[in-house]
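Computed from the coordinates by the stated procedures, all read-outs in this text should not be read as laboratory data. Computed from a prediction, not measured in an experiment: that's the story for all the values here. When we count neighbours, we look across all protein chains shown, and the Cβ atoms used for this are built from the backbone with ideal geometry, even at glycine.
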Amino acid sequence: MEHLNAVILAGGSGTRLWPLSTPAFPKQFLPLPGGNSMIQETLGRVAPLTTPAQSWVVTGQKMASLVQEHLPSIAPDHILREPIGRNSAPAIAWAAAVLARQDPQAVMATFSADAVIANVEGLRHTLSLAYELAEQGRLVTIGIKPTTPETGYGYIRFTDHVQERHGYQAFTVERFVEKPDLATAQSYLRDGHYVWNAGIFIWKVETILAELREHLPEVLRKIETIVDAMGTARAQSTLDEIWPTIQAISIDYGILEKTHNLVVIPADLQWNDVGNWEQYGALFPADAQGVRGVGAHEGFGSQNVVVYNNTQREIFTIGIEDIIIIEMDNKTVICHKDQVQRVKELAEREQKRTK
């Protein structure tokens, strides 16, 4: 896979893991059990398949120094710094346009910086099949076989078998589906032709640039102007002037829902997008009562509790169930597991209040 380039999208704001995750320190930099951050694990999973010279990150200008701190093997000029977030299509277009100048045969594999994948061997096998398909001019995504009727994820429906290798199969994508309600998600699980959209994409840069030229020509035109200026005295001023005028649109809406050239490889990668405190807490081992935690906590008869204690203070719980407690130096959040999605509401309200 000599032309494989890893592109990590690290633009997340992390509101659902507030107050541990903030716009200044979003969730991709949070520690996982074992000590590495999510972004470090993301690069580590694919590092054996590529080289530091073929590794790239697209992130916000304010987060670039954190990226460098966490990923010292990546050269500073391989960190593409967005002045503001513009969603995934411009980020991917920028990386593709830069790569095309360096290696017209380049294949890019794009990953979100803030997901956990436990089945690393499975990921590498699926990437080998995806690389072969990309070399044939296909757009490829790796879909996660659903294990529960999740309502927080987008789904992809697939139909015809295309190719098989390394124990994995690729299928034609029929359509993308928005986040469903519970009954619909249950029907997807029974149907068996649906996978979660995990935002893992593999394609030749020339293939995606052709799709962008067809479906998002104005976005690509502006990206090309930015890339033309890179390495010159006007690189930063061109970026600062043009980038905020680019349409903010996801690669899913902008390209993948319109193309007829997309295939999906369904895989069980033990994927977790760590989208809320319950999912983050689930990464840590539980004791016999189902209590998981970081930091000082003692539970008396408490069950199914997550405690994240970032302080020297001791926390004691007595007889509580299904509760998440986050203890920071200047904030305490106590949340029922049924209400875990509302942490985002709280984070957004606090951001407005402190602006």
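What list do you get for I79, I142 if you sort them by fewest beta carbons within 10 Å?
Details: I79 21, I142 28.
The most exposed by this proxy come first: I79, I142.
Describe numerically, in nm with one decimal, the distance between label points set 7 Å from Cα along Cα→Cβ at L346 and at E257.
Result for the modelled spin labels: 3.2 nm.
Using packing as a proxy for protection, rank 80-90, 196-206, 176-186, 34-44 so that the peptide with the highest average count of other Cβ atoms within 10 Å comes first.
Numbers: 80-90: 19.8, 196-206: 22.9, 176-186: 13.7, 34-44: 17.4.
Packing order, densest peptide first, comes out as 196-206, 80-90, 34-44, 176-186.
Whole-Hz ³J(HN,Hα) for each residue in the range 289-303, computed from phi via Karplus 6.51 cos²θ - 1.76 cosθ + 1.60 with θ = phi - 60°, x for glycine and proline: what do you get?
8, x, 8, 10, x, 10, x, 6, 7, 10, x, 9, x, 8, 10
Using each residue's phi in the range 55-72, evaluate 6.51 cos²θ - 1.76 cosθ + 1.60 at θ = phi - 60° and report the 3J(HN,Hα) Karplus result to the nearest Hz, with x for Gly and Pro.
Once rounded to whole Hz, the list reads 10, 9, 10, 10, 8, x, 3, 6, 9, 4, 5, 5, 4, 4, 5, 7, 10, x.
Quick one: if you stick a label point 7 Å off each Cα along the C-beta vector at H161 and V120, how many nm between them?
Rounded to a tenth, the inter-label distance reads 3.2 nm.
If you count the DSSP beta bridges with both ends in the chain, what percent of them are antiparallel, to the nearest 5?
On the way: 31 of 64 bridges.
Among the beta bridges of the chain, antiparallel pairing accounts for roughly 50 percent.
What nm distance separates the two modelled labels at L32 and E241, each placed 7 Å from Cα along Cα→Cβ?
About 4.2 nm separates the two model spin labels.
Just to check, using Stokes-Einstein with a Kirkwood Rh over alpha carbon pairs, what's the diffusion coefficient of the range 1-81 at 20 °C and 1.002 mPa s in µm²/s? Don't skip to the answer; put the middle values down first.
Working: Rh = 13.0 Å.
It diffuses with D of about 165 µm²/s by this estimate.
Full extension from E135 to R221: what is 0.36 nm times the residue separation minus their Cα-Cα distance, to one decimal in nm? It would help to have the intermediate numbers written out before the result.
Values: separation 86, 0.36 × 86 = 30.96 nm, distance 2.50 nm.
Fully extending the segment from E135 to R221 adds 28.5 nm.
Calculate how many DSSP beta bridges within the range 216-355 are antiparallel, expressed in % of all such bridges and rounded to the nearest 5. Walk me through the numbers on the way to the answer.
Values: 6 of 18 bridges.
Of all bridge pairs located within the range 216-355, approximately 35 percent are antiparallel.
With θ set to phi - 60° and the Karplus curve 6.51 cos²θ - 1.76 cosθ + 1.60, what are the ³J(HN,Hα) couplings of the range 261-273 in order, to the nearest whole Hz, using x for Gly and Pro?
10, 9, 10, 10, 10, x, 8, 9, 9, 6, 8, 9, 7
How high is the relative contact order of the chain, given as a whole-number percent (alpha carbon pairs under 8 Å, six or more residues apart)? Could you put the intermediate results ahead of the total?
Values: 701 pairs, mean separation 67.8, N = 355.
Relative contact order for the chain comes out at 19 percent.
What is the gain in length, in nm to one decimal, between L189 and A296 on full extension, counting 0.36 nm per residue of separation less the C-alpha to C-alpha distance? Walk me through the numbers on the way to the answer.
Values: separation 107, 0.36 × 107 = 38.52 nm, distance 3.95 nm.
Here the segment from L189 to A296 would lengthen by 34.6 nm.
If each residue of separation counts as 0.36 nm, what is the full-extension length gain between K62 and K337 once their alpha-carbon separation is subtracted? Display every interim value, and only then the final one.
Values: separation 275, 0.36 × 275 = 99.00 nm, distance 3.22 nm.
Roughly 95.8 nm would be gained on extension.
Could you work out the helix-only [θ] at 222 nm for the chain, with each DSSP H run of four or more residues adding -39,500 (n - 2.57) and the total divided by the number of residues, to the nearest 500 deg cm²/dmol? Let's see the in-between values first.
Values: 10 runs with 106 residues, N = 355.
Rounded to the nearest 500, it is -9000 deg cm²/dmol.
Just the number, please: Stokes-Einstein D of the chain in µm²/s, Kirkwood Rh from C-alpha pairs, 4 °C, 1.567 mPa s.
Translational D for this selection: 60 µm²/s.
Size of the range 277-354 along its principal axes in angstrom, Cα-based, largest extent first?
Here the Cα extents, ordered largest to smallest, are 40, 27, 22 Å.
Note the angle between two axes, namely the Cα long axis of helix 217-229 and the longest principal axis of the Cα atoms of the chain, as a number of degrees from 0 to 90, rounded to the nearest 10.
80
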